[in-house]
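> Have a look at this one before I ask anything.
The values are calculated or read from the model by the stated rules, or taken from the named source; none is laboratory data. The shown structure was predicted, so the numbers you read here are calculated from the model rather than taken from an experiment. Because the Cβ atoms are built from the backbone with ideal geometry, glycine has one as well, and the counts that use them run over all protein chains shown. Quick note on the areas: whole protein, heavy atoms, side chains included, nothing else; ligands and nucleic acids left out. Shrake-Rupley method; radii C 1.70, N 1.55, O 1.52, S 1.80 Å.
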Amino acid sequence: MAITEEKLGEILEVYPEKVRVNRRRHIVLKEPDTNAAQQIEANTRTLPGIITNRGCAFAGCKGVVVGPIKDMVHIVHGPVGCAFYTWGARRNKARAGEDGKNYVNYCFSTDMQESDIVFGGEKKLAKLIDETVEIFHPNAISIAATCPVGLIGDDISAVARAAEERHGIQVLAFQCEGYKGVSQSAGHHIANNLLMDKVIGNTEVEKCDEPYAVNLLGEYNIGGDGWEVERILKDIGYHVVCVMTGDGSYEDLRLAHTADLNLVQCHRSINYIAEMLEIKYGTPWLKVNFVGIKSTCDSLRAMAAYFGDKDLMQKTEDVIARETARIQPVIDQYRKVCEGKTAFCFVGGSRGHHYQGLFAEIGVETVLAGYEFAHRDDYEGREVIPSIKKDADSKNIPDLHVEADTKRFKIKIDPERLAKLREKFPFDEYKGMIVDMKEGTIIVDDLNHFETEEFIRLLHPDIVSSGIKDKYVIQKMGIPSKQLHSYDYSGPYAGFNGAVNFARDISMSFATPTWNYIVPPWKNQPLLNATINGD
Ligand code: CFM
Ligand code: HCA
């Protein structure tokens, strides 16, 4: 059943007027004309009282972008809760490199107490840095500020500078207090800016010697996704200089400016670095998507076309032919179980879109999708190339933040050279989520707890992909829920092998007899028991 304006009105009716008007602007009913430029409100403050799935700036900076860098120690400066509750929750896998350094499984925190809040926590932070260097010998250190640090005014940058002098390694101070911005998204930007300012290019090396040198941006190796993508890229003949930041290292990150091309998987969390690399070093970037078989093949072909080498193009076709011949028969088996089912696909800032293609490849149609914290361009699309021209054009999309970044660096690139490079790109825009969705489907930004339940009641999806905050509510409604943040302890889901894993896991969710044993509580008992006179 498709949602009509009237049905939507019934759901939103319970809200107070102001909230209703606000929430309506975050919801789009997909119109018949698929080319219509439908607009959505996004990247604005969640109204108080609404139970959102969003996280904070600290989560976006430390948890998402900086935390996966394996040969650095990441110190959470604040009361221990923010460190403890984010410890090991995101499944960014990492293996130690040649130097044997991998600290991603550790949890470092200053564990601020009341006296630190009153008298300041700078000394405690400096002491923790000294102990960390003495015991662990990391290649660099990050400090992530949590909310109270900003409120009491600890100068973490000064502490970092002094520690750099004492120890001779980089100590990066991220002022990513949770209250900054409206979601994780602000934290991504804070992380991108400092990594670009202090780490990338902090070396004598100017150019990578290997042919076809690429960086993989916005790939966090959740459940091993990055390893599967690297396997395919290496098979074709690419040299991966640096992955940002899944299973990534500080040492590789310093060399990121030496690659020939930047591949952007998660556009939301790292487009700032891609753009700054283009502006500062002239490295072009290509939006890719290694989730789904077709998207993986399209991305590989676009990369080969960019380099324009006949052998590389041929090798790409060989790998695609070999891999698809291997996996397609397996997927076809799983597809029999999944065919004709429907899904909700609601994830953070890019997967709500990226996973729709993979769902379709196993016969599952996405009827509702959205992002927690994406910006309007992730929904409505944007010009990806040429990005410098795009800066001038983006004035009417207020949430791009691109202009602020271009001012940080002098444009060094020769515009003629760049124009030639861009001519080679087969992708000329990033289309965003809305245009890819079918007529009658629904797009919801910052979906909340109440709306999740209401849309489930109305649309009866066969599976809901979301995160830990609503997984069990959904399953208690008798509907399978697949976490598309953590992959529920499974994965990888990217690339060719990932598509097989995904097909297997989703068909398992449908085929399990578990659902026959679940009686949702409202089916046989009232949710509230009235008591009269204490009886
Ligand atoms: Fe990018 Fe991500 Fe996502 Fe994201 Fe995240 Fe994540 Fe995500 Mo959770 S970086 S926007 S801030 S693809 S942690 S690996 S799953 S919400 S859709
Ligand atoms: C975050 C991390 C998260 C949370 C996932 C979830 C992740 O936002 O801080 O809510 O299930 O992917 O681990 O997005």
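> Report the FRET efficiency, 1/(1 + (r/R0)^6), for residue 234 and residue 107, where r is their Cβ-Cβ distance and R0 is 41 Å, rounded to 0.05.
Here the calculated transfer efficiency is 0.80.
> Still on this structure, I have one more. With a cut-off of at most 12 other beta carbons within 10 Å, and DSSP calling the residue loop, which GluC sites (Glu not before Pro) in the stretch 165-210 qualify? Please list them. Working shown, then result.
Values: sites: 165, 177, 204, 206; in loops: 177, 204, 206.
Passing sites in the stretch 165-210 are 204, 206.
> Quick one: putting +1 on the C-beta of Lys and Arg, -1 on the C-beta of Asp and Glu, what dipole do you get for the stretch 221-321 around its Cα centre, in Debye to the nearest 20? Please report the intermediate quantities before stating the final value.
Details: 10 positive and 15 negative charges, 48 e Å.
My answer is approximately 240 debye.
> Note down the relative contact order for the stretch 284-362 as a percent, whole number, built from C-alpha pairs under 8 angstrom at least six residues apart.
The value is 39 percent.
> Using per-residue counts of other Cβ atoms within 10 Å, averaged over each peptide, order 480-492, 125-137 from highest down.
Ranked by mean Cβ neighbours within 10 Å, highest first: 480-492, 125-137.
> Now, a different point. Arranged from highest to lowest average of other beta-carbon atoms within 10 Å per residue, in what order do the peptides 501-510, 113-122 appear?
By packing density, highest mean first, the sequence is 501-510, 113-122.
> Expressed in nm to one decimal, what extension gain is obtained for the pair residue 52 and residue 164 from 0.36 nm per residue of sequence separation less their Cα-Cα distance?
The residue 52-residue 164 span can extend by a further 36.4 nm.
> For the chain, list the cysteines whose Cβ sits under 4.7 Å from no other cysteine Cβ?
Flagged as lacking a Cys partner: 56, 82, 107, 147, 208, 242, 266, 297, 338, 345.
> With a probe of 1.4 Å, find how much accessible area the stretch 1-120 has per residue, and write the answer as a whole number in Å².
54 Å²
> Turning to a different aspect of this structure: Excluding residues fewer than 8 places away in the same chain, name every one of the aspartates and glutamates whose C-alpha is closer than 12 Å to that of residue 101.
71, 247, 251
> Stretch residue 460-residue 10 to full length: gain in nm at 0.36 nm per residue minus the Cα-Cα span?
Length gained, residue 460 through residue 10: 160.3 nm.
> Structure shown: which of 93/127; 62/93; 336/471 lie over 19 Å apart, alpha-carbon to alpha-carbon?
Distance filter (> 19 Å) returns 93/127; 336/471.
> Given the DSSP H assignment, sum -39500 (n - 2.57) over each helix run of at least 4 residues in the chain and divide by its residue total; what's the result at 222 nm in deg cm²/dmol, nearest 500?
-12500 deg cm²/dmol
> With θ set to phi - 60°, apply the Karplus curve 6.51 cos²θ - 1.76 cosθ + 1.60 along the stretch 471-481 and write out the HN-Hα couplings as whole Hz, x wherever there is a Gly or Pro.
The phi angles translate into 3, 7, 4, 5, 5, 5, 7, x, 10, x, 10 Hz.
> Rounded to the nearest 0.05, what FRET efficiency is calculated for residue 449 and residue 84 with R0 set to 25 Å and r the Cβ-Cβ distance?
With a Förster radius of 25 Å, E is 0.55.
> Still on this structure, I have one more. Please give the contour-minus-distance gain from residue 298 to residue 205: 0.36 nm per residue of separation, less the Cα-Cα distance, rounded to one decimal in nm.
Working: separation 93, 0.36 × 93 = 33.48 nm, distance 3.21 nm.
Separation in residues times 0.36 nm, less the Cα-Cα distance, equals 30.3 nm.
> Further question: At 1.4 Å probe size, with the rest of the protein present, what percent of the exposed accessible area of the chain is carbon and sulfur atoms?
Roughly 53 percent of what the probe reaches on the chain is carbon or sulfur.
> Determine the per residue accessible area of the stretch 438-496 with all protein chains present and a 1.4 angstrom probe, expressed in square angstrom.
33 Å²
> Provide the per residue accessible area, probe 1.4 Å, for the stretch 196-259, rounded to a whole number of square angstrom.
Heavy-atom accessible area per residue stands at 34 Å².
> To continue, here is another question. What distance in nm lies between label points placed 7 Å from Cα along the C-beta direction at residue 317 and residue 95?
3.3 nm
> Taking the alpha-carbon distance from residue 124 and a cut-off under 14 Å, which aspartates and glutamates remain once sequence neighbours fewer than 8 residues away in the same chain are dropped?
111, 114, 116, 154, 155
> Let me ask something else. Past the 32 Å Cα-Cα mark, which pairs from 287/310; 310/341; 234/476; 287/341; 70/469; 70/482?
Pairs exceeding the cut-off: 310/341; 234/476.
> Ordered by packing density, taken as the mean number of other Cβ atoms within 10 Å over each peptide's residues, highest first, how do 284-296, 458-470, 216-228 rank? Kindly include the intermediate steps, with their values, before the conclusion.
Values: 284-296: 22.8, 458-470: 19.5, 216-228: 25.5.
In decreasing order of mean packing, 284-296, 458-470, 216-228 become 216-228, 284-296, 458-470.
> Which trypsin sites (Lys or Arg not before Pro) in the stretch 165-219 pass both tests, a DSSP loop state and at most 15 other beta-carbon atoms within 10 Å?
Hits after loop and neighbour filter: 207.
> Which value, in debye to the nearest 20, describes the size of the charge dipole of the stretch 307-377 about its Cα centre when Lys and Arg Cβ atoms bear +1, Asp and Glu Cβ atoms bear -1, and nothing else is charged?
Computed charge dipole of the stretch 307-377: roughly 180 debye.
> Where nothing but the Cβ of Lys and Arg (+1) and of Asp and Glu (-1) is charged, how large is the charge dipole of the chain around its Cα centre, in debye to the nearest 20? Provide the component values of the computation, followed by the final result.
Working: 62 positive and 76 negative charges, 85 e Å.
So the dipole magnitude of the chain works out to roughly 400 debye.
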